[in-house]
Amino acid sequence: MIELNLETKNKEQEIIKDYLQKNASENLANKINLGVKTTKNKKELVNKKNLTGFFQYANNEAKKLAEKGASYACIEDSTVFGWAIHYFEEDSIIGTLYNLDGSIYEEEKPKPKVAPKIEPKVEVKKQTPQQTLFDFMDLDKPKINEELKQAEEKIPDYYKLYAKTQDENSDKITLIKLGDFYEAYDNNAEKISSILNLVLTSKDFGFVEPVKLAGFPIHLKDKYFETLQKQSTLLVLEDNNETIYEKRKTELENTKIDILQKLLDNNLKIL
């Protein structure tokens, strides 16, 4: 077990650290201790997170629950622990940014703009030339195609895989395992958020609108998989590669019928 370099300031932070210490994978522990490299303003930085930042994140997530119509402020331990795993696992969540030499990154303040001196100009009306067919041609098409290509390259491969799989299996609930978390996106995020009472959040993949997201830590998978299977066929992607888990609702129902039939048969034999 890797010792986590997390400073605690109160009992609540000690509880979260103890949970992370017992459940964090080696990859997550390294993220917590070493930080994650990121880029801002074309400069390479290190993103590090702490428990104070997590509690600010958890407070915002609790407010989102209240906005959904919650009538009380009681939140299950498993939900808070799930937030903790997600907060430290998700690279898009920014904590404190450091330069590579270990100093805290400070964004440069923009220099005040000096209004240029405007000289009076005498406008000379020019005759507008007659438009030709070439004026209506899209001369910037290569530039637009290049911009679209660059935007597509920013979309992570795991989301492309997820979207393709979901399009081919629209009648199923699809999940994907990322690190210590199972996540669902778009309509599936809304479904599992409603079924499992999870917080519905979002992630920026470079589209016009952020993508809806809901998820839960892997230690809750047995409990949540069983609940989801009662509602629909469940399809799970592991390691961004292949489906290794798929179980239908009808299979569960058939299992229950088989068990009931065996009980009936035994009773008949006794009689």
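Residue 66 falls short on exactly one of the conditions (1) within 19 Å of the chain's Cα centre (by Cα); (2) assigned to a helix (DSSP H, G or I); (3) not charged (D, E, K, R), and that condition is (1).
The criterion of being among the hydrophobic types (A, V, I, L, M, F, W, C), in contact (Cβ under 8 Å) with a residue 40 or more places away in the chain, surrounded by 10 or more Cβ atoms within 10 Å (Cβ to Cβ) and farther than 26 Å from residue 177 by Cβ does not hold for residue 6.
Residue count for the stretch 9-51, restricted to those that are in contact (Cβ under 8 Å) with a residue 40 or more places away in the chain and part of a strand (DSSP E or B): 9. Criterion first (outside the structural domain of residue 85 (by TED's automatic domain parsing) and either out of contact with any strand residue (DSSP E or B) (no Cβ under 8 Å at 6 or more places or on another chain) or at pLDDT 90 or above (or both)) does residue 265 satisfy it? Yes; evaluated as a whole, the condition is true for this residue. Are any of the residues in the stretch 216-223 within 14 Å of the chain's Cα centre (by Cα), modelled with pLDDT of 90 or more, under 30 Å from residue 80 (Cα atoms) and not assigned by TED's automatic domain parsing to the domain that holds residue 88? Yes, some residue in the stretch 216-223 is within 14 Å of the chain's Cα centre (by Cα), modelled with pLDDT of 90 or more, under 30 Å from residue 80 (Cα atoms) and not assigned by TED's automatic domain parsing to the domain that holds residue 88.
The condition (being at positive phi and crowded, with 16+ Cβ neighbours inside 10 Å) is satisfied by just one residue among 53, 82, 95, 35: 35. Residues that are at pLDDT 70 or above and not in a loop (DSSP other than H, G, I, E, B) do not occur anywhere in the stretch 134-142.
The values are calculated or read from the model by the stated rules, or taken from the named source; none is laboratory data. As the structure is a prediction and not an experimental result, all values here were calculated from the model. Here the Cβ is made from the backbone with ideal geometry for all residues, glycine too, and neighbour counts use every protein chain on show.
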